[in-house]
2 protein chains.
Amino acid sequence: MAKVRLYLEEPLGEGQSVSLTREQAHYLFGVMRLAPGDGLAVFDGASGEYAATVKEAGKRGGVLHIAERTAPLALPPDLWLLFAPIKKERTDFIVEKAAEMGVRRVLPVATDFTNAGRVNRARLQAHAVEAAEQCGGTFVPEVGELRPLGRVLDDWPRERRLMFCDEALAGGPADLPENRGPWAVLVGPEGGFSEAERARLHAAPFAHCVSLGPRILRADTAAVAALTLWQTRLGDW
Amino acid sequence: MAKVRLYLEEPLGEGQSVSLTREQAHYLFGVMRLAPGDGLAVFDGASGEYAATVKEAGKRGGVLHIAERTAPLALPPDLWLLFAPIKKERTDFIVEKAAEMGVRRVLPVATDFTNAGRVNRARLQAHAVEAAEQCGGTFVPEVGELRPLGRVLDDWPRERRLMFCDEALAGGPADLPENRGPWAVLVGPEGGFSEAERARLHAAPFAHCVSLGPRILRADTAAVAALTLWQTRLGDW
């Protein structure tokens, strides 16, 4: 039912021919069963979506012809998602959800209660690409390297506001300022933030604390809920 | 770090002794490594949370002593979640998320574009129990049998309002009426609703349509986003 969509890393333009990697050829011809002459949609994350046609199809490669541009780039709001990596599958879900919900960058941060020592940035980036392909997006959020939260806060860009979700906070979500500039959303790991982290966040002039309700949410649920709150109040919903 | 929590189906009271099933014994003594004398929290979904102690621990069973009640029942708002079952893993996620986000009932509905012919109600109910155990809840939403959406709408209780998420709708989320009575939230399958379903829903006097933003969301993402919208506007957040 759904049209095949493929993200291509190189800048696209009408009339181009594009060579496919082995993985792309496997996906288009092995999995999706496209054949020469078949159409698909492609996007480069920077200039929009294009109609494309299969010119050559092989086991290890192939060539696409890029025809007309069919949609402009739909850039999400200037929003970052900061999250503490959790179990592998749920970390994958957080990145996928971030791409669907509309963020520019996804930044894994190590907190005092984070129990994942490292993340596979390339695998997470591939999940962001796949989510954009499947949700009809023309933009792919950039996944950053895992960095300690403290270091990220040390280098915080002063014009960017931070919505931080504190599960220890009782009561309704605080009012967010109607600031249409750059923002970030931070959700904690399963065990929440440490006292030192909470103190630092509550004292930071750029940070705004919100509650995600009276029940404890898993980190992946919290990410979607927090992005929903932000998108409906300050974003493009 | 987290305290062990166990849902018990029978009505609990202070001073009782409770026999464990083989599965419960395996979880407490095999997986969580509890031993006689160890403490845990138990809840029955109806009367709150209790402190309990292991009296007997065996491979195939065991006995708990129920001590004092430590928390009252925290009942979520009178909200149902209606969703169209999708791939197995994502259907499990939707039920888990519903339990975390706070709903009373979870009702799988077969829509014109649903491609799951049946659901395993018992497995989904077990996911709801597990989510309540892990998110600190004292209530477990009831998972219903899969029914056709048309039949569910035929029998719709007239005092219950329905927030329905129409991905074909452009623009911001519609204003929901400030109605504090019973509600339900309906999210569609991956392919959205059919024209006939959309026409019927838009015409229903109890239904209110909202948009979930300009990007296409997977069904599990849409469930969390829709419940967040409802909880922040009309629920207990």
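Quick notes on this one:
- Unmet requirement for B:Glu56, which otherwise passes all of (1) part of a strand (DSSP E or B); (2) in contact (Cβ under 8 Å) with a residue 24 or more places away in the chain: (2)
- If the condition is being among the aliphatic types (A, V, I, L, M) and away from chain A (no Cβ under 14 Å), then region B:180-206 contributes B:Ala184, B:Leu186, B:Ala196, B:Ala199, B:Leu201, B:Ala203, B:Ala204.
- Within region A:16-39, the only residue that satisfies the criterion of being on the phi > 0 side of the Ramachandran plot and of a type in the set (D, E, K, R) is A:Arg33.
- Filtered residues of region B:49-62 (kept if surrounded by fewer than 17 Cβ atoms within 10 Å (Cβ to Cβ) and either out of contact with any helix residue (DSSP H, G or I) (no Cβ under 9 Å at 6 or more places or on another chain) or polar (S, T, N, Q) (or both)): B:Thr53, B:Lys55, B:Glu56
- Screening B:Leu169 against (1) surrounded by 18 or more Cβ atoms within 10 Å (Cβ to Cβ); (2) modelled with pLDDT under 95 leaves a single unmet condition, (1).
Conditions (1) over 13 Å from the mean Cα position of the chain (by Cα); (2) among the polar types (S, T, N, Q); (3) modelled with pLDDT of 95 or more; (4) closer than 30 Å to A:Leu217 by Cβ, marked per residue:
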| site | (1), (2), (3), (4) |
| --- | --- |
| A:Glu23 | yes, no, no, no |
| A:Glu49 | yes, no, yes, no |
| A:Val54 | yes, no, yes, no |
| A:Glu68 | yes, no, yes, no |
| A:Ala84 | yes, no, no, yes |
| A:Lys88 | yes, no, no, yes |
| A:Val109 | yes, no, yes, yes |
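- Matching entry among B:Arg118, B:Arg123, B:Arg90, B:Arg105 (being in contact with a helix residue (DSSP H, G or I) (Cβ under 6 Å, 6 or more places away or on another chain) and either surrounded by fewer than 22 Cβ atoms within 10 Å (Cβ to Cβ) or not assigned by TED's automatic domain parsing to the domain that holds B:Phe193 (or both)): B:Arg90
- One residue from B:Ala99, B:Ala71, B:Ala57, B:Ala46 being within 14 Å of chain A (Cβ to nearest Cβ), touching a Pro at 6+ places or on another chain (Cβ under 7 Å) and small (Gly, Ala, Ser): B:Ala99
- Residues of region A:108-138 that turn out to be in contact (Cβ under 8 Å) with a residue 60 or more places away in the chain and away from chain B (no Cβ under 14 Å), as a count: 2
- Any hit, region B:191-204, residues being part of a strand (DSSP E or B), more than 18 Å from A:Ala225 (Cα to Cα), touching a residue at least 40 places away in the same chain (Cβ under 8 Å) and of a type outside the set (Gly, Ala, Ser): no
- All positions within region B:98-147 that are touching a Cys at 6+ places or on another chain (Cβ under 9 Å) and small (Gly, Ala, Ser): B:Ala99
- Among the residues of region B:218-228, those identified as buried (at least 24 other Cβ atoms within 10 Å of the Cβ) and either facing chain A (nearest Cβ under 7 Å) or in contact with a strand residue (DSSP E or B) (Cβ under 7 Å, 6 or more places away or on another chain) (or both) are B:Thr221, B:Ala222, B:Ala223, B:Val224, B:Ala225, B:Ala226, B:Leu227, B:Thr228.
- Here B:Trp237 meets the list (1) surrounded by 19 or more Cβ atoms within 10 Å (Cβ to Cβ); (2) of a type in the set (Phe, Trp, Tyr); (3) at pLDDT 90 or above almost entirely, failing just condition (3).
- The set of residues from region A:1-26 being surrounded by 17 or more Cβ atoms within 10 Å (Cβ to Cβ) and without any contact (Cβ under 8 Å) to a residue 60 or more places away in the chain comprises A:Val4, A:Leu8, A:Leu12, A:Val18, A:Leu20, A:Gln24, A:Ala25.
- Test result for B:Thr232, buried (at least 22 other Cβ atoms within 10 Å of the Cβ), within 20 Å of the chain's Cα centre (by Cα), of a type outside the set (Phe, Trp, Tyr) and part of a helix (DSSP H, G or I): no
The values are calculated or read from the model by the stated rules, or taken from the named source; none is laboratory data. Note that the coordinates shown come from a computational prediction; the quantities given were computed from them, not determined experimentally. With ideal geometry, Cβ positions are generated from the backbone for all residues, glycine too; neighbour counts draw on all protein chains shown.
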